[in-house]
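Here's the structure we're looking at; comments come further down.
The values are calculated or read from the model by the stated rules, or taken from the named source; none is laboratory data. Computed from a predicted model, the values in this text were never measured in an experiment. Note: ideal-geometry Cβ built from the backbone for every residue, glycine included; neighbour counts use all protein chains shown. When the accessible area is computed, the model is the full protein with side chains, heavy atoms only, and any ligands, DNA or RNA have been set aside. Shrake-Rupley method; radii C 1.70, N 1.55, O 1.52, S 1.80 Å.
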Amino acid sequence: MTAPDAAGPGSVIPVPVVLDCDPGHDDAVAILLAVASPAVDLRAVTTTFGNCSVEDATRNALRVLTLVGAHDVPVGAGAAGPLRGEAALGNYVHGVSGLDGPAMPEPAFAARPEGAVAVLAEAVSSADRPVTVVATGPITNVATLLTEHPGIAGSIAEVVFMGGSTERGNHTPTAEFNTFADPEALDVVLRSGLPVRMVGLNLTHQALATPDVVARMLALDTAVGRTCAEWMGFFGSSYRALWEFEAPPVHDPCTIAALVRPGLLTWREAFVAVELEGRWTRGTTVVDLHHRYPDPPNARVAMTLDAEGFWDLVLDAVDRLGG
Ligand code: RIB
Ligand code: CA
């Protein structure tokens, strides 16, 4: 039985959301799910370095929004690198453009000149109720927003981030890419006192775009469905070559699914820390699921995903975007 959408029949108040991302194939699917879901009021998309340069991530975000006609969503380009150290880039997974695979439309509109942090500050402070901040790349822009606009936390409902893991990493044996790319930024968010939800690899590895899922995308017989299938094709080839996955885990839309259909995920309260110094472990999230440290829980950690319900949600959204 599929869990009801957060804005199902009768509920008319969508969740105000800002999405900070590094598109990136899976970020692109997260954007589609956010645009298509009546349960989400997508107030801004901001971009960061990560899967590719911030310039490419910004162009990719504009292309994805253009593909689905979402020309009214403010876009702001953000950090070109982390708070400390050099920028790690994920082109080895996402290709030269950061979104290799299908041809994409040229952007029909431009990013706002004021940049990501100003776009985020405006989107959050102008909302008529607290805003959910979703981050699916290195969380640098969000950390900078909290640091440069200390009063903004009062207008933020929660931060939901894709990153880290309760188990192993991917970019390194212990560190997931987003938290490896800017661990200091994640530390700022974890210490902010804001409600934080962590959607790590332990969860997102349950969201596999299997051949059946890709076939369902193609069966929609729409431009957006074909584009998604081709994204999965490229993304899957990287995951097969790099990590021996039979099907790619589509990480980032799991964050949006948690807002749209909360019953799809289960969570555990835990103390979460991110390693800042380890020679071999920098960027690793330490998730204390069994209270071995005296530190109180500072996050809710996603543990299980109803994968069938997740893909039903994503495919329904892609179908509604048509094209
Ligand atoms: O480790 C996976 C995460 O890093 C995803 O968000 C992917 O898009 C990359 O940003
Ligand atoms: Ca991402």
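Can you go through Ala219, Ala247, Ala229, Ala175 and tell me which one is touching a residue at least 40 places away in the same chain (Cβ under 8 Å) and either away from ligand 2 (no atom under 16 Å from the Cβ) or closer than 19 Å to Asn51 by Cα (or both)?
Residue meeting the stated conditions: Ala175.
Determine which single condition Val260 fails, assuming it passes every other condition in (1) touching a residue at least 24 places away in the same chain (Cβ under 8 Å); (2) more than 30 Å from Ile13 (Cα to Cα); (3) of a type in the set (Val, Ile, Thr).
If we test Val260 against (1) touching a residue at least 24 places away in the same chain (Cβ under 8 Å); (2) more than 30 Å from Ile13 (Cα to Cα); (3) of a type in the set (Val, Ile, Thr), just (2) comes out false.
Conditions (1) surrounded by 24 or more Cβ atoms within 10 Å (Cβ to Cβ); (2) closer than 16 Å to Asp26 by Cα; (3) within 14 Å of ligand 1 (Cβ to nearest atom), marked per residue:
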position	(1), (2), (3)
Arg226	no, yes, no
Glu230	no, yes, no
Gly233	no, yes, no
Ser237	no, yes, no
Arg240	no, yes, no
Asp252	yes, yes, yes
Thr255	yes, yes, yes
Gly263	no, no, no
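Search the range 44-55 for residues that are more than 20 Å from Gly283 (Cβ to Cβ) and pair each with any residue that is in a loop (DSSP other than H, G, I, E, B) and open to solvent by 10 Å² or more (accessible area, probe 1.4 Å) when their beta-carbon atoms are under 6 Å apart and the residues are at least 6 apart or on different chains.
Every condition considered, the pairs that remain are Ala44/Pro74; Val45/Val73; Thr46/Gly78; Thr47/Gly78.
Here are some residues: Val224, Val160, Val199. Which one is within 16 Å of ligand 2 (Cβ to nearest atom), of a type outside the set (Lys, Arg) and over 21 Å from Leu89 (Cα atoms)?
Unique residue meeting the criteria: Val160.
Quick check on the range 128-154: of everything there that is touching a Pro at 6+ places or on another chain (Cβ under 9 Å) and surrounded by fewer than 18 Cβ atoms within 10 Å (Cβ to Cβ), which residue is farthest from Leu190 (Cα to Cα)? Walk me through it before giving the result.
Filtering the range 128-154 for residues touching a Pro at 6+ places or on another chain (Cβ under 9 Å) gives 128-132, 136-138, 140, 154.
Those left that are additionally surrounded by fewer than 18 Cβ atoms within 10 Å (Cβ to Cβ): 128-130, 154.
Working: Asp128: 25, Arg129: 22, Pro130: 19, Gly154: 16 Å.
Within the range 128-154, the match that is farthest from Leu190 (Cα to Cα) is Asp128.
Would you check if Pro173 is away from ligand 1 (no atom under 14 Å from the Cβ), at pLDDT 95 or above and surrounded by fewer than 23 Cβ atoms within 10 Å (Cβ to Cβ)?
No; evaluated as a whole, the condition is false for this residue.
Looking only at the range 14-39, which residues are more than 22 Å from Arg226 (Cβ to Cβ), of a type in the set (A, V, I, L, M, F, W, C) and surrounded by fewer than 24 Cβ atoms within 10 Å (Cβ to Cβ)?
The answer is Val15, Ala39.
When you go through (1) closer than 21 Å to Phe245 by Cα; (2) buried (at least 22 other Cβ atoms within 10 Å of the Cβ) one by one for Glu167, which number turns out not to apply?
Against the list (1) closer than 21 Å to Phe245 by Cα; (2) buried (at least 22 other Cβ atoms within 10 Å of the Cβ), Glu167 comes up short only on (2).
Got a number for residues in the range 262-297 being assigned to a strand (DSSP E or B), under 19 Å from Gly193 (Cα atoms) and of a type outside the set (Lys, Arg)?
11
Could you list all residues from the range 20-51 that are under 18 Å from Thr179 (Cβ atoms), out of contact with any Pro (no Cβ under 6 Å at 6 or more places or on another chain) and hydrophobic (A, V, I, L, M, F, W, C)?
Across the range 20-51, the qualifying residues are Cys21, Phe49.
Among (1) within 15 Å of the chain's Cα centre (by Cα); (2) free of Cβ contacts under 8 Å to residues at least 24 places away in the same chain, where does Phe161 come up short?
So Phe161 meets the others, but not (2).
This table checks each residue for (1) crowded, with 18+ Cβ neighbours inside 10 Å; (2) not small (Gly, Ala, Ser).
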{"position": "His71", "(1), (2)": "no, yes"}
{"position": "Ala77", "(1), (2)": "yes, no"}
{"position": "Gly81", "(1), (2)": "yes, no"}
{"position": "Arg84", "(1), (2)": "no, yes"}
{"position": "Leu99", "(1), (2)": "yes, yes"}
{"position": "Pro102", "(1), (2)": "no, yes"}
{"position": "Glu106", "(1), (2)": "no, yes"}
{"position": "Val117", "(1), (2)": "yes, yes"}
{"position": "Val124", "(1), (2)": "yes, yes"}
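Just one of (1) within 12 Å of ligand 1 (Cβ to nearest atom); (2) open to solvent by 40 Å² or more (accessible area, probe 1.4 Å); (3) hydrophobic (A, V, I, L, M, F, W, C) trips up Ala110, so point out which.
Here Ala110 clears every test but (1).
Suppose the filter is touching a residue at least 24 places away in the same chain (Cβ under 8 Å), in contact with a His (Cβ under 7 Å, 6 or more places away or on another chain) and within 14 Å of ligand 1 (Cβ to nearest atom); does Asn60 pass it? Steps first, answer last, please.
Values: touching a residue at least 24 places away in the same chain (Cβ under 8 Å): yes; in contact with a His (Cβ under 7 Å, 6 or more places away or on another chain): no; within 14 Å of ligand 1 (Cβ to nearest atom): yes.
No.
Please report, ordered by residue number, the helices (runs of 4 or more DSSP H) entirely within the range 181-223 with at least 3 residues that are away from ligand 1 (no atom under 16 Å from the Cβ).
183-190, 211-219
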